[in-house]
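None of the figures in this text is laboratory data; all of them are computed from the coordinates on show. Only a predicted model underlies this, so the values are computations on that prediction, with no experimental measurement involved. Here the Cβ positions follow ideal geometry from the backbone for every residue, glycine too, while neighbour counts run over all protein chains shown.
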Amino acid sequence: MDEKLINDYKKFLDGGKTERECAAQIIEAAEKRGYKDIAEYKTLKAGDKVYVQKMHKTVALFEIGTGSLEDGMNILGAHIDSPRLDVKQNPVYEKDCIVYLNTHYYGGIKKYQWVTLPLAIHGVVCKTDGSVINVTIGEAADDPVFCVSDILPHLAQEQMKEKASDFIPGENLDLILSSGIPQKKDKQKEQADEKSSKDKDKEKYKKAVLKLLKSKYNIDEGDFASAELEIVPAGLSRDCGIDRSLILAYGQDDRACAFTSVQALFDSTAKTRTNCCLCVDKEEIGSVGATGMGSHLLENAVAEIISRMSGGYSDLTLRRCLANSAMLSSDVNAAFDPMNGNLYDKDNSSFLGGGVVFNKYTGSRGKYSASDANPEFIAKVRALMEKNDIPFQMAELGKVDQGGGGTIAYLAAKYGMDVLDAGVSVLSMHAPWELTNKEDICTAYNCYKVFLSLEK
């Protein structure tokens, strides 16, 4: 096992609990290795290393090969967003002496898993003067943390009768910011001006919180309208198990594959084919928006590269490049859970410690939203793994009728390229704290590195 790789991975997780934080880490690491923003290049040639970023939440890295781009690229594609709670636009309110932050959950979560946990606030607040305030509260040892309350068992008789999906309503996932005890009013002042006193005391704890936010962070209440604040589990990634074979951490879907993909690109050298690593946003909500894989970000980035090559821009070159590319959709898969084995097809499941996971098709039930990789491409990838003694397993995500899940694979496949899902097996996927096997992290890295040596 590569201890350095594992330690670097844990640091990446700890420093990247939002897509912005991940993107910033990736760009910083890339620049140390000679990558430059594409805006710095007027022309590109073989050996050049370049990155393209979009809205600080998506990064595409390229190392230019010696061959023609029309022959395609080797692409590793991962996502860097994870399920969480997002802060709403008008979030701060007071209710019976407790000040809350109103939230909206993001992605597929079990709502009941997010109550009574220590939580942190990460993100940015963009002010009207153009300044940006970076916010991280709840990670330092002397920071306060936050939480969502739950009903005590003594009063939960009705709650316990509800379905798991219903007994914690989404509107109840609001973060506790502050609390106060009502003070006895001065009778003389109250008698002098009762109405004024009532107006003065209205939402006084909310006002105190807003005053604190202003004095400590320069955040006004109106600034939440142009903020991007995410609520995530507070705390560091940890070794798990008496043998320390596992990693317990937030956001391993899909930062386990994003980190290993980026590291594999850094540690490889492009030959004939150009190598690309794509780290995108919004996968957990359908890969939508300007920073999701469903956008034109990949083709736009490649178009910018082609325009800087010796032959100049050609739409046909762009189309041929994408159609002739090969891609591993670097995303995690659900590990077989012995405690819930009835939900899995055991013979077609992935296991912790079993090596990198290949999914011929993802999607749900009748292969809905699946890319369904070509067997010829799978055979080529298998041969690479076997030649380099890299353990792998073929799997699906649970029994057919139980549901399923997708990746960015089908969105890349629309260009006509070969795409295969390849990633790390995860236990307790989408929970606030997820489990991976250290050996699987190392195997995924080796898989991605070898894949980047693929020639047409």
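Okay, here's what the table says:
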| quantity | calculated |
| --- | --- |
| Crossing angle, helix 252-266 versus the chain [Cα axis fit, 0-90 degrees, rounded to tens] | 40 |
| Positive minus negative residues near residue 306 (Lys, Arg vs Asp, Glu; Cβ under 11 Å) | -1 |
| Peptides 38-51, 288-301 ordered by average Cβ neighbours within 10 Å, highest first | 288-301, 38-51 |
| Vicinal HN-Hα couplings computed from phi for segment 413-420 (Karplus, 6.51 cos²θ - 1.76 cosθ + 1.60; Hz; Gly/Pro x) | 5, 4, 7, x, 7, 6, 9, 9 |
| Packing-based ranking, highest mean first, of 274-280, 75-81 given that Cβ atoms within 10 Å are counted | 75-81, 274-280 |
| Whole-Hz ³J(HN,Hα) from phi, Karplus 6.51 cos²θ - 1.76 cosθ + 1.60, for segment 434-443, glycine and proline x | 10, 10, 10, 9, 4, 4, 5, 4, 5, 5 |
| Projected label distance in nm at residue 380 and residue 238, using a 7 Å step from Cα toward the beta-carbon | 4.5 |
| Point-charge dipole on Cβ atoms (K/R +1, D/E -1) for segment 1-106, about Cα centre, debye to 20 | 160 |
| Potential lengthening between residue 339 and residue 142 on full extension [0.36 nm per residue; Cα-Cα distance subtracted] | 67.2 nm |
| Cross-link reach list, lysines versus residue 54, counting only Cα pairs under 16 Å and skipping chain neighbours closer than eight places | 36, 282 |
| Helical mean residue ellipticity (222 nm; -39500 (n - 2.57) per DSSP H run of 4+; nearest 500) of the chain | -8000 deg cm²/dmol |
| Size of charge dipole - segment 84-233 - debye, nearest 20, with Cβ of Lys, Arg +1 and Asp, Glu -1, no other charges | 400 |
| Residue order, fewest to most beta carbons within 10 Å, for 1, 429 | 1, 429 |
| Residue exposure sequence - 408, 151, 242 - by fewest surrounding Cβ within 10 Å | 242, 151, 408 |
| Fewest-first ranking of 12, 259, using other Cβ atoms within 10 Å as the exposure measure | 12, 259 |
| Using alpha-carbon coordinates, inclination of helix 204-217 to the longest axis of the chain, degrees | 50 |
| Stokes-Einstein D (µm²/s) once Rh is taken as the Kirkwood radius of segment 84-233 over alpha-carbon pairs, at 37 °C in 0.692 mPa s | 190 |
| DSSP-defined beta bridges in the chain - what % are antiparallel, rounded to 5 | 70 |
| Neighbour net charge for residue 148 - beta-carbon separation under 10 angstrom, K R +1, D E -1 | -1 |
| Förster radius 60 Å - calculated FRET efficiency between residue 323 and residue 179 (Cβ-Cβ, nearest 0.05) | 0.50 |
| Euclidean distance between Cα centres, segment 320-349 to segment 203-262, Å | 28 |
| Given 17/214; 11/207; 32/214, the pairs whose alpha carbons are separated by over 27 Å | 11/207; 32/214 |
| FRET E, pair residue 66, residue 162, Förster distance 51 Å, beta-carbon r, rounded to 0.05 | 0.25 |
| The chain: Rg to Rh, with Rh as the Kirkwood radius over Cα pairs | 1.03 |
| Full-extension gain in nm, residue 14 to residue 288, via 0.36 nm per residue minus C-alpha separation | 96.0 nm |
| Extension gain (nm, one decimal) between residue 127 and residue 43, 0.36 nm per residue minus Cα-Cα | 26.6 nm |
| Cα-projected label distance for residue 316 with residue 95, points at 7 Å along beta-carbon direction, nm | 6.3 |
| Whole-Hz couplings from phi, Karplus 6.51/-1.76/1.60, listed for segment 382-390; x for Gly and Pro | 4, 4, 4, 5, 5, 4, 9, 6, 9 |
| Pairwise FRET efficiency - residue 151 versus residue 215, Cβ, R0 = 25 Å, nearest 0.05 | 0.15 |
| Degrees, to the nearest 10: 3-15 long Cα axis against longest axis of the chain | 40 |
| For segment 12-118, alpha-carbon Rg relative to the globular expectation (2.2 N^0.38 Å, N residues) | 1.54 |
